[in-house]
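Have a look at the structure below before the remarks.
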Amino acid sequence: MTDAPTTPAGAAPAGRPAADEGRLVHLGIGNFARAHTLFATQRAGGWTVSAFTGRSARMADALNAQDGKYGLIVRGPEDDEVEIIDVIDEVHPASDVDALVRLIADPFTAVVTLTITEKGYSAGNDPAESAPARLALGLKARREAGVEEPIALLSCDNLSGNGDVLREAVLAAADEETRAWFDDHVDVVSTMVDRITPSAGEQEGRLVAERTGLADQVPVVTEPFTEWVVQDTFRGRRPAWEKAGVQFTDDVELHELRKLRLLNGSHTLMAYAGQVAGCERVDEAISHREVRALVESLWDEARSTLSLPPAELDAYTSALEERFRNPRLADFLIRIAADGSAKLPVRVLPVIAERGGPSQAPGSVAAVAAWTTWVTDRVHAGHEVADPQAEAIGKAVALSEDTERVTALLALLGVAGDDALVPAVATEEERLPRP
Ligand code: CS2
């Protein structure tokens, strides 16, 4: 996509040969990591994965009971392909800090990948609450064990500059000696990840059993498309991910911004505006005339903030549209609606600011107004909002005066009370398409 040196798929980047074997530790073993990061690691060959769950330990029990194997269903517009992924050695609950410390201190471990979601990076310095803080304890043990080979930490979450964000979060929780040791022994790598991975249901388990014989309690369903762009800054071993088509580049940031603002930005818009308009899935939302018009407008605004050739952006948005329209994927909007207060400031607000304010970014303003409307409707209807700030959202939506309510909600996104976005969102709320 850019002039930056990007290795062609299948070729190892010069000077940093991939290693035949090693251990990768993964934090946050949900559906996405299993469709994307572990899939690529299986293709690379030779490496084993020790994984840790997110908050719920259920995944550890289920995967360990299946010897770490699971079925990956790649769901195209016409048919499914099913493959067994068998790269996991052991799965631990996130709370097993001793296991994490032991694994990071072990010289065979050379790479840590994280899918801990946006909110995971601001979880503070308490190892009981925060994956970066647990990682800091692991690095302390690695330093104390005298391991010299640099370990690479890769963020696979939808944040711009995710490597820098991860570095800050780990260093904030690390002791002084580990901070001094860090730069010589740790590479923190930014990556752009992409593969739409909806939640799987019971019929997916039946499909895996029929096609492969594996009785799978935790199958994964995903789309055919997959992309991983990785900053080329490894001093230690890493899997031969180029065998899975992973691109190594010095310029991850533009890839990140393009994906965050065009894919994730329109996902967020559809998640809220689509549900407010009565849709349940992404393919319905993108086919809804008025929601689609809002998506077009958001895309125009986001495109103008990206320094990429128009033809390339055209190709990117047409491919996105096709992915969103996949009629068999059944990607429910409620999945994408989670954690809006952590997503909007990354995906949407920067576009409004870079365009010069709300009057120059009506599609992006609609995404924010759709969020304020959706959380308000949802709490009033007695449902929970899955969000790290759910409690504060509940208090804000209880305010009966609209401007006060919108002001309180936008404050949770870091928007000041006198920002022009407040009246713009209050007005836009009235215009959103309804069933
Ligand atoms: C979605 C992402 O949950 C969300 O907010 O936008 O999970 C999206 O499906 C992935 O980033 C696609 O790569």
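Annotations
- Total residues in the stretch 402-435 satisfying the condition of being among the acidic types (D, E) and closer than 19 Å to M270 by Cα: the figure is 3.
- Residue count, the stretch 43-64 (criterion: free of Cβ contacts under 8 Å to residues at least 60 places away in the same chain, part of a helix (DSSP H, G or I) and under 18 Å from E83 (Cα atoms)): 0
- Taking the criterion of being out of contact with any Phe, Trp or Tyr (no Cβ under 9 Å at 6 or more places or on another chain), open to solvent by 50 Å² or more (accessible area, probe 1.4 Å) and more than 16 Å from the ligand (Cβ to nearest atom), the residues of the stretch 157-196 that qualify are D164, A172, E176, E177, R179, A180, D183, D184.
- Filtered residues of the stretch 138-167 (kept if part of a helix (DSSP H, G or I) and closer than 18 Å to R179 by Cβ): G138, L139, K140, A141, R142, R143, E144, G163, D164, V165, L166, R167
- Take the conditions (1) touching a Ser or Thr at 6+ places or on another chain (Cβ under 8 Å); (2) within 16 Å of the ligand (Cβ to nearest atom); (3) open to solvent by 60 Å² or more (accessible area, probe 1.4 Å); I334 misses just one of them, which is (1).
- Tally of residues being acidic (D, E) and open to solvent by 50 Å² or more (accessible area, probe 1.4 Å) across the stretch 408-434: 3
- Top-ranked residue in the stretch 323-351 [being more than 15 Å from N158 (Cβ to Cβ) and among the basic types (K, R); ranked as nearest to the chain's Cα centre (by Cα)]: R323
Conditions tested, residue by residue: (1) away from the ligand (no atom under 16 Å from the Cβ); (2) open to solvent by 40 Å² or more (accessible area, probe 1.4 Å); (3) farther than 19 Å from V208 by Cα; (4) within 20 Å of the chain's Cα centre (by Cα).
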site	(1), (2), (3), (4)
V25	yes, no, yes, yes
A33	no, no, no, yes
G71	yes, no, no, no
I104	yes, no, yes, no
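- Among the residues of the stretch 349-373, those identified as in contact (Cβ under 8 Å) with a residue 12 or more places away in the chain, open to solvent by 20 Å² or more (accessible area, probe 1.4 Å) and not acidic (D, E) are L349, P350, R355, P358, S359, Q360, P362.
- Cβ-Cβ under 6 Å pairs, at least 6 apart or on other chains, the stretch 119-137 side outside any helix (DSSP H, G or I), far side crowded, with 19+ Cβ neighbours inside 10 Å and not hydrophobic (A, V, I, L, M, F, W, C): A123/S130; G124/S130; P127/R134
- Single residue of the stretch 197-224 satisfying the filter (surrounded by 14 or more Cβ atoms within 10 Å (Cβ to Cβ) and at pLDDT below 95) that is nearest to the ligand (Cβ to nearest atom): S199
- Look at (1) farther than 18 Å from K243 by Cβ; (2) modelled with pLDDT of 95 or more; (3) open to solvent by 30 Å² or more (accessible area, probe 1.4 Å) and you find that E83 fails only one, number (1).
- Complete set of residues in the stretch 304-322 that are within 21 Å of the chain's Cα centre (by Cα) and open to solvent by 30 Å² or more (accessible area, probe 1.4 Å): A319, E321, E322
- The residues in the stretch 298-316 that are out of contact with any Leu (no Cβ under 9 Å at 6 or more places or on another chain) and part of a helix (DSSP H, G or I) can be counted, and the count is 7.
- Odd one out for R143 among (1) open to solvent by less than 10 Å² (accessible area, probe 1.4 Å); (2) in contact with a helix residue (DSSP H, G or I) (Cβ under 8 Å, 6 or more places away or on another chain); (3) more than 16 Å from the ligand (Cβ to nearest atom); (4) not hydrophobic (A, V, I, L, M, F, W, C): (1)
- Scanning the stretch 374-407 for residues that are within 24 Å of C279 (Cα to Cα), open to solvent by 40 Å² or more (accessible area, probe 1.4 Å) and outside any helix (DSSP H, G or I) yields a total of 5.
- Scanning the stretch 253-288 for residues that are touching a Gly at 6+ places or on another chain (Cβ under 8 Å), open to solvent by less than 10 Å² (accessible area, probe 1.4 Å) and away from the ligand (no atom under 12 Å from the Cβ) yields one hit, A285.
- The stretch 330-368: number of residues that are assigned to a loop (DSSP other than H, G, I, E, B) and modelled with pLDDT of 95 or more: 7
- Extreme residue, farthest from R75 (Cα to Cα), among residues of the stretch 317-329 that are within 13 Å of the ligand (Cβ to nearest atom) and in a loop (DSSP other than H, G, I, E, B): N326
- Note on the stretch 206-239: residues that are without any contact (Cβ under 8 Å) to a residue 12 or more places away in the chain and among the aromatic types (F, W, Y) total 0.
- Tally, over the stretch 241-275, of residues that are at pLDDT below 95 and touching a helix residue (DSSP H, G or I) at 6+ places or on another chain (Cβ under 7 Å): 0
- Qualifying residue in the stretch 175-188 (condition: in a loop (DSSP other than H, G, I, E, B) and among the hydrophobic types (A, V, I, L, M, F, W, C)): no
The values are calculated or read from the model by the stated rules, or taken from the named source; none is laboratory data. Because the structure is predicted, anything quoted here is derived from the model rather than measured. Cβ sites come from the backbone with ideal geometry, for glycine too, and all protein chains shown count toward neighbours. Accessible surface areas use protein heavy atoms only, side chains included; no ligands, DNA or RNA. Shrake-Rupley method; radii C 1.70, N 1.55, O 1.52, S 1.80 Å.
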